[in-house]
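Contents: one structure, followed by commentary.
The values are calculated or read from the model by the stated rules, or taken from the named source; none is laboratory data. The structure displayed is predicted, hence computed values, not measured ones. FYI the Cβ positions are ideal-geometry reconstructions off the backbone, even for glycines, and counts take in every protein chain you see. Only protein heavy atoms, including side chains, enter the accessible area calculation; ligands, DNA and RNA are left aside. Shrake-Rupley method; radii C 1.70, N 1.55, O 1.52, S 1.80 Å.
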Amino acid sequence: MAQIADLVAVVAFHVRLWRDTYSAMAPKEAIDALDEARRRPTWQAALTPAPKSKRHR
């Protein structure tokens, strides 16, 4: 499973895969708009572990 330390690689892979997959179907503007800087916050949030609960057992 990917972790926050994998952020740069995951973002680069996501953008490359999306561009390779959809470049023939999506408008050029959509392809050009997708970049690593725009995808990074979403992936950072997804890969950041949730805070541990402070409840006692």
| said: I'd like the full set of residues that are in contact with a helix residue (DSSP H, G or I) (Cβ under 7 Å, 6 or more places away or on another chain), among the hydrophobic types (A, V, I, L, M, F, W, C) and outside any helix (DSSP H, G or I), limited to segment 4-57. | reply: LEU34
| Cβ-Cβ below 9 Å, separation at least six or inter-chain, first residue in segment 1-19 and under 12 Å from ASP35 (Cα atoms) and at pLDDT 95 or above, second open to solvent by 40 Å² or more (accessible area, probe 1.4 Å) and among the aromatic types (Phe, Trp, Tyr): which pairs? | VAL11/TRP43; HIS14/TRP43
